[in-house]
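*Asks:* My questions will all concern the structure given below.
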Amino acid sequence: MIAIIAAISFLASAVLSVVTVHRGASLAVLVLGRANCLAPDAVNGCDWWPMSTLISTAVVLGAASPLGYCALLLVPTGPVLCILLISLWLRFGQQAARKRQFRITEGQVIESGSSGRRIFPHMLVLGSGYYQTGPATGYCLYSLTIHDQDGSKYTNGYLSTEEWGHAVAVLTQDIGCLAMTLTFESREGLRFRAVTLGQQWAELLCGELSRLSEGSRNWWRQWLQPAFGLLGSRVVSIDEVRGNLDAIEEQYAEVVQSSERIRSDCQAIRRLLETASAPIRISTPEAQSQAAEAIRGKGYFLCRNDGGVWVEELKQRS
C-alpha cells in the first residue's frame with residue numbers, strides 16, 4: 001500500500017506543481033505589487049518543480065502509515081510551500097538593487113534618509129540589466145544615477161520598468177535633468193537596423209563638449225533629454241552623422257579609446273552608415289520600439305547582430 005501511495009503522490013504532486021507554481025508566483029506578484037517584486041518570469045520551474053514534488057511525496061509518505069490513502073490529501077503541501085517561498089524571494093530578493101538614495105517630491109529631488117537635503121541634479125545615467133535564472137527564465141533590474149551639481153552621485157534601484165520609466169520622465173521632462181537615450185537606425189521596410197548608444201556616452205555628451213565647434217556641439221546637444229523628447233525621432237543625412245562622429249572621435253580621442261563601449265558604438269554607427277539602404281534616423285529607443293511594434297501585426301521579429309548593428313526583421317506567420 002505504501003508503494004502505491006508513494007507512486008500516486010509523486011505523479012499527482014508533479015502534475016500539480018507544473019500547473020500551479022508559475023500561476024501562484026504571478027498571483028503573488030499581483031497581490032504584493034509589481035513595483036515591489038521581481039518579475040514572475042524569474043521563476044525557473046526546473047528548480048522549483050522537483051523541490052515541490054519531493055516535498056509533497058515526503059509529507060505524504062510520512063503520513064501514509066497512520067492515515068492510509070487519506071494522506072494523499074496532503075499532496076498540495078509541496079506546491080503551497082514552494083509558492084510561499086517563491087513569493088518571499090520575489091518580494092524580498094535582490095535587496096541591493098532595491099536601495100534608493102533619493103526621492104522625488106513635489107518637483108524636487110531630496111536625499112533619502114534623515115538629512116532630507118535637496119539635490120540639484122544636472123545629469124542622469126540610466127542603467128538596466130537582465131539576470132538569467134534558467135534556460136528561458138530571468139528578470140530585469142533597473143537603476144537611475146543622478147549627478148548633483150556639486151559632483152555627488154545618488155542611485156536608485158527599480159524592479160518595475162513602469163516605475164523606472166516614470167522616474168526618468170519626471171527627472172528629465174519636469175525637472176530638466178540632462179540624459180542620453182539615443183538610437184541611430186535605418187528603417188528598411190520590414191527590417192530595422194539600429195545602433196543604440198550605451199550609457200557610457202552620457203557623461204561625455206551631457207558635458208560641456210568644449211573641444212567641439214559650436215555647430216558640432218549644438219548638433220550633439222539637440223539629441224539629449226529633455227530637448228529631444230522621450231519619443232523623439234528625426235531623419236538626418238549620412239554626411240552630417242559622419243561629420244559629427246568624426247569630430248567626437250578626433251576631439252575626444254582619449255575618451256573614445258578608453259571606453260570599449262563607446263569605441264564599439266562608433267564602429268557600429270560607421271557600419272550602419274556604410275550599409276544602410278534607407279535614410280538614417282536618430283530616435284529614442286522608445287520611439288524605435290514603438291515603430292517596430294506598429295508593424296509587428298501577426299508576424300514576429302528575427303533578431304541578429306551584424307557587426308554591432310542590431311537587426312530586427314519581421315517574418316510573417318505561416
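*Asks:* Does Ala169 fit the bill of being under 29 Å from Pro279 (Cα atoms) and crowded, with 21+ Cβ neighbours inside 10 Å?
*Replies:* Judged against the criteria, Ala169 is not a match.
*Asks:* Now for a different question. Name the residue, out of Ser283, Ser264, that is in contact (Cβ under 8 Å) with a residue 24 or more places away in the chain and over 30 Å from Glu162 (Cβ atoms).
*Replies:* Values: Ser283 fails: over 30 Å from Glu162 (Cβ atoms).
Step by step, each of Ser283, Ser264 is checked, and only Ser264 is in contact (Cβ under 8 Å) with a residue 24 or more places away in the chain and over 30 Å from Glu162 (Cβ atoms).
*Asks:* Continuing with the same structure: Would you mention how many residues in the range 251-271 are touching a helix residue (DSSP H, G or I) at 6+ places or on another chain (Cβ under 9 Å) and either of a type in the set (Asp, Glu) or assigned to a helix (DSSP H, G or I) (or both)?
*Replies:* Of the residues in that region, 12 qualify.
*Asks:* Within the range 231-254, identify whether any single residue is under 22 Å from Met123 (Cα atoms), of a type in the set (S, T, N, Q) and within 29 Å of the chain's Cα centre (by Cα), and answer yes or no.
*Replies:* Among the residues of the range 231-254, at least one is under 22 Å from Met123 (Cα atoms), of a type in the set (S, T, N, Q) and within 29 Å of the chain's Cα centre (by Cα), which makes the answer yes.
*Asks:* Something else now. Could you give every pair whose Cβ atoms fall below 8 Å, whose first residue belongs to the range 211-224 and is farther than 28 Å from Glu286 by Cα, and whose second residue is modelled with pLDDT of 95 or more, counting only separations of at least 6 or pairs across chains?
*Replies:* From residues that are farther than 28 Å from Glu286 by Cα, the pairs are Arg211/Gln251; Arg211/Tyr252; Leu212/Trp220; Leu212/Ala247; Leu212/Ile248; Leu212/Gln251; Ser213/Ala247.
*Asks:* For residues that are under 21 Å from Ser264 (Cβ atoms) and in contact with a Leu (Cβ under 8 Å, 6 or more places away or on another chain), scanning just the range 197-223, find the one that is surrounded by the fewest Cβ atoms within 10 Å (Cβ to Cβ).
*Replies:* Residue satisfying both the conditions and the ranking: Gln199.
*Asks:* Right, Phe192: in a loop (DSSP other than H, G, I, E, B), surrounded by 16 or more Cβ atoms within 10 Å (Cβ to Cβ) and of a type in the set (Phe, Trp, Tyr) or not?
*Replies:* No; evaluated as a whole, the condition is false for this residue.
*Asks:* Do you know which residues across the range 172-181 are surrounded by fewer than 22 Cβ atoms within 10 Å (Cβ to Cβ) and assigned to a loop (DSSP other than H, G, I, E, B)?
*Replies:* Ile175, Gly176
Quick grid of which residues meet (1) of a type in the set (S, T, N, Q); (2) more than 18 Å from the chain's Cα centre (by Cα):
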{"site": "Cys70", "(1), (2)": "no, yes"}
{"site": "Gly93", "(1), (2)": "no, no"}
{"site": "Arg98", "(1), (2)": "no, no"}
{"site": "Glu106", "(1), (2)": "no, yes"}
{"site": "Ser112", "(1), (2)": "yes, yes"}
{"site": "Arg117", "(1), (2)": "no, yes"}
{"site": "Pro121", "(1), (2)": "no, yes"}
{"site": "Gly127", "(1), (2)": "no, no"}
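*Asks:* Does Ser52 count as modelled with pLDDT of 90 or more and touching a Pro at 6+ places or on another chain (Cβ under 7 Å)?
*Replies:* Here the answer is yes, as Ser52 does meet what is asked.
*Asks:* Which one of these is closer than 28 Å to Ile119 by Cβ, of a type in the set (Lys, Arg) and out of contact with any Gly (no Cβ under 9 Å at 6 or more places or on another chain): Arg217, Arg234?
*Replies:* Working: Arg234 fails: closer than 28 Å to Ile119 by Cβ.
Arg217 is the lone residue from the list that is closer than 28 Å to Ile119 by Cβ, of a type in the set (Lys, Arg) and out of contact with any Gly (no Cβ under 9 Å at 6 or more places or on another chain).
*Asks:* OK, next. Out of everything in the range 98-116 that is modelled with pLDDT of 90 or more and not in a strand (DSSP E or B), what residue ends up being surrounded by the most Cβ atoms within 10 Å (Cβ to Cβ)?
*Replies:* Gln101
*Asks:* Out of the residues in the range 1-35 meeting the condition of being β-branched (Val, Ile, Thr) and over 28 Å from Leu67 (Cβ atoms), tell me which one is surrounded by the fewest Cβ atoms within 10 Å (Cβ to Cβ).
*Replies:* Here is the first cut: in the range 1-35, the ones β-branched (Val, Ile, Thr) are 2, 4-5, 8, 15, 18-21, 29, 31.
Now restrict to residues that are over 28 Å from Leu67 (Cβ atoms): 29, 31.
On the way: Val29: 24, Val31: 10.
Applying the filter and picking the extreme gives Val31.
*Asks:* Going through the range 41-54 one residue at a time, which ones are in a helix (DSSP H, G or I), surrounded by 21 or more Cβ atoms within 10 Å (Cβ to Cβ) and either of a type in the set (Val, Ile, Thr) or within 24 Å of the chain's Cα centre (by Cα) (or both)?
*Replies:* Listed by number, the residues that qualify are Ala42, Thr53.
*Asks:* Could we say that Ser65 is under 11 Å from Ala12 (Cβ atoms) and in a helix (DSSP H, G or I) here?
*Replies:* The answer is no for Ser65.
The values are calculated or read from the model by the stated rules, or taken from the named source; none is laboratory data. For clarity, every value in this text was computed on a predicted model and none was experimentally measured. Here Cβ is always computed from backbone atoms with ideal geometry, including for glycine, and neighbour counts include all displayed protein chains.
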